[in-house]
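What follows is a single structure, and I will ask about it in a moment.
The values are calculated or read from the model by the stated rules, or taken from the named source; none is laboratory data. From a predicted model like this one, the values you see are computed outputs, not experimental measurements. Every residue, glycine among them, receives a Cβ derived from its backbone with ideal geometry; neighbour counts consider all protein chains shown.
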């Protein structure tokens, strides 16, 4: 099962920022029903100034996956994948933040878009899944949300995650948070349970391959 969001008032949250420095890789499988709305998949920000990090899709800006960073001083820029996502199909989005001058966006393990604008530090204290800091609600389904710190998967490994539909558990080095979103809001790696807002529901989940010895722990089977 995957998390179904209505694009209006449904999302999930953690009342803390999960990271504040690079390098970081964020990923999620997504199935959006809109190619006209700007939507955020993951937002980690400071609630007093809405500054921080975000992974999303810009339906109003070319249907690209993006990796956005904004600093406490107001600087902001984003990387955009070189290819567009397709509505109503499961796809893999990734936002990679390597340094203050390097961020990349990926669609389906490839279509890498690069941004090198200098954007300084932020001090996130809140995390949203399925919306931006002030709006940009996601409409559709989300699954397999993961975050790596420090040691992050290579570009070849990113492609393998898409081509072979591999769980993040196959790449444990640096994996800090993982929400499979299979009938549960549990983070099976970092222990950060997310709180649902607006009564979202769970529906079909994409087919994902997991290490056999851990499959029962994730699915509960």
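Go through (1) under 19 Å from residue 145 (Cα atoms); (2) surrounded by fewer than 17 Cβ atoms within 10 Å (Cβ to Cβ) for residue 114 and report which single condition fails.
Here residue 114 meets the rest and fails (1).
Which of the residues belonging to region 3-28 are assigned to a strand (DSSP E or B), in contact with a strand residue (DSSP E or B) (Cβ under 6 Å, 6 or more places away or on another chain) and farther than 21 Å from residue 48 by Cα?
3, 4, 24, 25, 26, 27, 28
Let me ask something else about it. Please determine whether any residue of region 80-93 is under 24 Å from residue 149 (Cα atoms), at pLDDT 95 or above and under 11 Å from the mean Cα position of the chain (by Cα).
yes
Moving on to the next point. Would you mention how many residues in region 72-96 are touching a strand residue (DSSP E or B) at 6+ places or on another chain (Cβ under 6 Å) and under 20 Å from residue 124 (Cβ atoms)?
So the count comes out to 9.
Conditions tested, residue by residue: (1) under 21 Å from residue 161 (Cβ atoms); (2) in contact (Cβ under 8 Å) with a residue 60 or more places away in the chain.
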{"site": "72", "(1), (2)": "no, no"}
{"site": "76", "(1), (2)": "no, no"}
{"site": "79", "(1), (2)": "yes, no"}
{"site": "82", "(1), (2)": "yes, no"}
{"site": "93", "(1), (2)": "yes, yes"}
{"site": "99", "(1), (2)": "no, yes"}
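Next question. Six or more apart or on different chains, Cβ atoms under 6 Å: show the pairs whose first residue is in region 167-186 and farther than 14 Å from residue 4 by Cα and whose second is in a helix (DSSP H, G or I) and modelled with pLDDT of 95 or more.
171/157; 175/168; 178/168
Yes or no, residue by residue, for (1) out of contact with any strand residue (DSSP E or B) (no Cβ under 8 Å at 6 or more places or on another chain); (2) surrounded by 24 or more Cβ atoms within 10 Å (Cβ to Cβ); (3) farther than 22 Å from residue 84 by Cα; (4) in contact (Cβ under 8 Å) with a residue 60 or more places away in the chain:
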site: 30; (1), (2), (3), (4): no, yes, no, yes
site: 37; (1), (2), (3), (4): no, no, no, yes
site: 46; (1), (2), (3), (4): no, no, yes, yes
site: 53; (1), (2), (3), (4): no, yes, no, yes
site: 56; (1), (2), (3), (4): no, yes, no, yes
